[in-house]
Every structure is written in structure tokens, then in C-alpha cells.
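Below you'll find the structure, written out as C-alpha cells, and then a few comments.
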Amino acid sequence: MQGSGILLYSNGDVFEGTWSKGVIVDGTKTFSNGDKVQGSAEASTWTSGFLTGEGTKSFRNGDVYHGHLQLNVMSGHGRFLWANGDRYHGMWVCNQMQGVGHFESSSTSSSRDVYFGEFAKGQYHGHGRLQYASGAIYEGSFVAHRRHGRGVYRWIEGDITYEGMWENNVPSGMGLYICEAYSYHGSWKDGWPHGSGIYVDRQSACPRRHTFEYGRAIDTETPLVLDHLLF
């Protein structure tokens, strides 16, 4: 084949493009499900209907990918724009976000997340920085899209922070919480001060060690209940 033409596959796929001496030079392949892959001779090569190199992959639902493809699969560096306005710019492996990248939710999304960091199998995984719609920021370790490991959470209101260990999205393990009224440095469980820790009232500035059970001090007659950190 030589020049421009259209190739119809038995499975319903259609390729429209240019050939040179029987070899595809550039063009667009439309799959039977409506998805498309497009590449040019300057940036990619076609092999038996599969594109490798820089190209564009469009999906029938309106999602679009621009970047490196390996035999029509999103692998390498690329940009992905979802039909709802969400965006991702970074590394891909086997059609999934994998490696370092930047994700930003649509301005109309209820979450309005902005994340920069490591991904694995399409999820926040490893070290990253996540800014929420409220303006609060978490920077630290993620496991399967959840805050897990060591990290710092900064609320937008004043100088309220938690720095320490996390498990399944909530403080668990050793950590330091600072708010306008007091600070607490000690053991946490399920978002509660739980176990031994040092409590400092901001007015007295006098450190006191207490044992807590789900936020309530159990070794003093004076009632003392600390915040439950929910997110």
C-alpha cells in the first residue's frame, strides 16, 4: 500500500492514514468501542496497528490522553484530561498512574483535591503533598490513597497542626497535636489521644503527663477531654 487510505479490520476497528511501501506512516485508529489512537510519523511508529511513541488516545466518554504510548498502552510520561475536568500530568505504567505525578480535581468537583507526589496503580501511594478544598494540607506518606505512615496535617484555621504517625487516614501511633488551646504529644488511636502523653495548656504552659482513653484522661479527678481528630 502507498499513500492515503482506510483499512477495515475484521473485529470492527478502522484505521485511516498514510502508508509508505506497505508500512503505516501516520494516522488514526478507531476501535470498535469508539476509542481512538492517533500518532504522527515525526513522533511515533506503527506496528501491525499498534502505536509506540508520542500520541493521543481518545475515549468515547470524552477522556483524552496525550503522551507516550507503548503498543497503544499508556506508558511513560503523559497528560490525562477526564471529561469531568480532572487532570493528571506525570508517569504511567500499563494504563495506570504510576510514579511521580500531579493530579488536580475539576473546579466543579466536591473534593477539589490538588496532589503532587508518588502514585501506584492509579492511587496516591508513597510520599506526597495533598491540598484539600478547605485549604488544609497533608504532606507525608500515603498507602493506597490513604494517609498512612508518618505525615503532617495543617489546618487552614490558625496554627493547628498534627505531626506524627497515621493509620487508615487517622492519627494512630505517636504524634504531636497543636491547637490554640493546648498541645498534646503522645500516643494516639483511631484519631483519639489514647495511652500516655504530655498535655500542655497554653495558658499555664505547664506540661503534665496523663494517661488517656479515647481522649479522656483517666488518671486525674479533674475532667480533661481532648479533641477527636476527624477529617
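The values are calculated or read from the model by the stated rules, or taken from the named source; none is laboratory data. None of the values given here were measured: they were computed from a predicted structure. Heads up, the Cβs are rebuilt from the backbone with ideal geometry, glycines too, and the neighbour counts pull from every protein chain shown.
Within the stretch 222-231, can you find the residues that are assigned to a loop (DSSP other than H, G, I, E, B) and not polar (S, T, N, Q)?
Passing the criteria: Pro223, Leu224, Leu226, Asp227, His228, Leu229, Leu230, Phe231.
Is it the case that Val93 is on the phi < 0 side of the Ramachandran plot, assigned by TED's automatic domain parsing to the domain that holds Tyr124 and out of contact with any Lys or Arg (no Cβ under 8 Å at 6 or more places or on another chain)?
Criteria met by Val93.
For the stretch 209-221: of the residues being touching a Ser or Thr at 6+ places or on another chain (Cβ under 8 Å) and assigned to a loop (DSSP other than H, G, I, E, B), which is farthest from Trp166 (Cα to Cα)?
Asp219
Which condition number does Asn33 fail, the rest of (1) outside the structural domain of Tyr132 (by TED's automatic domain parsing); (2) at pLDDT below 95; (3) of a type in the set (S, T, N, Q); (4) loosely packed, with under 15 Cβ neighbours inside 10 Å being met?
The one condition Asn33 does not meet is (2).
So, restricting to strands (runs of 3 or more DSSP E) that lie completely within the stretch 1-95, which ones have at least 2 residues that are in contact with a Phe, Trp or Tyr (Cβ under 6 Å, 6 or more places away or on another chain)?
Passing ranges, in order: 23-30, 73-81.
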